[in-house]
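K.L.:
Here you go, one structure.
Taken together, the values in this text are just the output of simple stated rules run on the coordinates, not laboratory data. From a predicted model like this one, the values you see are computed outputs, not experimental measurements. Neighbour counts run over all protein chains shown; Cβ positions are idealised from the backbone, glycine included.
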Amino acid sequence: MDVSVIILTRNTCALTRAAIQSVLDSNDSLAKEIIVVDNGSTDETLSVLPREFPDLKLIRAEKNLGFARACNLAAKQSSGEFLLLLNSDARPAPDALEKAAAWMRANSDCAVAGGQLLNADGSRQNSIANFPTLATELLSKSLLRRLWPEKFPGKERELRAPLDVESIVGAFVFVRKKIWGELGGLDERYFFFFEETDFCLRARQKNFRVVHLPEVRVRHDQGATAKQVSVAARIEYWRSRYIYFSKNRSAFTRSILFAGLMARLFFDWLAASLTTIFTLGKNARWRSRWRVCTALLGWHLRGCPASAGLPR
């Protein structure tokens, strides 16, 4: 088996069907298996997927295991030389898997490869991620990319050759399975967000490369899954960010991060509140922003309880 494609789903049947079909439509000679982990869906996923894709490996979880735990479970049942962690809202181009596998086989020191993520209109999405620092978390990432494009590569630059990077955006993560095993897979302390960033950090600490491949093109309906539960997803993002800094940064850095994030969150909430009042609540974007900021403030005031966020 060349590639084991791992897709997670939770009440995203239509998206997952399209993701599976995009893999089956690949124009290559790779031997592939597709493993779907259903994280406690209550929609038609469990009846539709086995019927439409009889060769599919479907792992049924009674509850939401989270991204890291579900991927690790699927990886244990995989037999491919490579693993592809594919979001249910991602659609690889027909030649994407072949190009990624060829690169990995030609570059044995590469642990992780990511592709160029694209919007439906073909425009570029940010596909490269820096390791989180005080600068990336407290300042504008867009501004950082524009001021220091070499240090913070992003969608503003059209890259034509493979580029060694710190981390990649996790919609399409092509991993050498041997190294996955050496690193112990994803850290299950992360439930949703930052899992691939932490994995890339550990890979680079072991002197393996993480590479962005611009010729590997992947359409990505950015955030289609998370948008279904936007408030809960934002809480998970903040929780995972705290876990990453707790694991990989000093106590002093964490204290500055917390103070900075709290100040920014309060001013964001204040701006959203005033704008919502002045517009009489008619602006949907500001109403949504106010709702998210209010939920995040409330979560912090309650001591960041583990019970909040996405359902377990």
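K.L.:
Let me check against my output: what whole-number percent is the relative contact order of segment 250-301, with C-alpha pairs under 8 Å and at least 6 apart?
P.N.:
With pairs under 8 Å counted, the relative contact order is 35 percent.
K.L.:
Hey, got the dipole for the chain? About the Cα centre, +1 on K and R Cβ, -1 on D and E Cβ, debye to the nearest 20?
P.N.:
Using Cβ point charges on Lys, Arg, Asp and Glu, the chain gives about 1160 debye.
K.L.:
Using a 10 Å cut-off around each Cβ, can you sort H300, H220 from fewest to most neighbouring Cβ atoms?
P.N.:
H300, H220
K.L.:
Report, by chain and number, residues whose modeled amide H sits under 5 Å from the one on I6, excluding near sequence neighbours (fewer than 5 apart, same chain).
P.N.:
Close amide H contacts, sequence-distant or interchain: I35, L84, L85, L86.
K.L.:
Can you tell me the 0 to 90 degree angle between the C-alpha axis of helix 13-24 and the longest principal axis of the chain, rounded to 10?
P.N.:
40 degrees
K.L.:
What stretch of the chain, leaving out the sites themselves, is the longest with no GluC sites (Glu not before Pro) in a DSSP loop having at most 13 other Cβ atoms within 10 Å?
P.N.:
The segment 159-312 is the longest one with no such site.
K.L.:
Please list, ordered by chain and number, the residues whose modelled amide H lies under 5 Å from the amide H of I128; skip anything fewer than 5 residues away on the same chain.
P.N.:
Under 5 Å from the amide H of I128: V169.
K.L.:
Among the listed pairs K141/K247; K151/K247; K99/K178; K177/K247; K32/K141; K99/K247, which have their C-alpha atoms separated by more than 27 angstrom in this model?
P.N.:
K32/K141; K99/K247
K.L.:
Now, a different point. Give me the net charge for the shell around S273: Cβ to Cβ below 13 angstrom, other residues only, Lys and Arg +1, Asp and Glu -1.
P.N.:
Net of charged neighbours comes to +2.
K.L.:
Before anything else, pin down the relative contact order of the chain: Cα pairs under 8 Å, at least 6 apart, normalised by residue count, whole percent.
P.N.:
That works out to 20 percent.
K.L.:
Of G281, L261, W299, which is farthest on the positive side of the dipole of segment 250-301, counting Cα position, with +1 on Lys and Arg Cβ, -1 on Asp and Glu Cβ, and the Cα centre as origin?
P.N.:
Farthest along the dipole direction, towards plus: G281.
K.L.:
What is the Cα centroid distance between segment 173-198 and segment 252-296, reported in whole angstrom?
P.N.:
Cα centroid of segment 173-198 versus Cα centroid of segment 252-296: 32 Å apart.
K.L.:
Can you give me the long-range amide H partners of V165? Hydrogens built in the peptide plane at 1.01 Å from N, cutoff under 5 Å, separation of 5 or more residues or another chain.
P.N.:
Amide H neighbours of V165: V210, V211, H212.
K.L.:
Measure out, as a whole number of angstrom, how far apart the alpha-carbon centroids of segment 1-72 and segment 101-138 sit.
P.N.:
Comparing the Cα centres of segment 1-72 and segment 101-138, I get a distance of 22 Å.
K.L.:
Rounded to the nearest 5, what % of DSSP beta bridges with both residues in the chain are antiparallel?
P.N.:
Within the chain, antiparallel bridges account for around 40 percent of the total.
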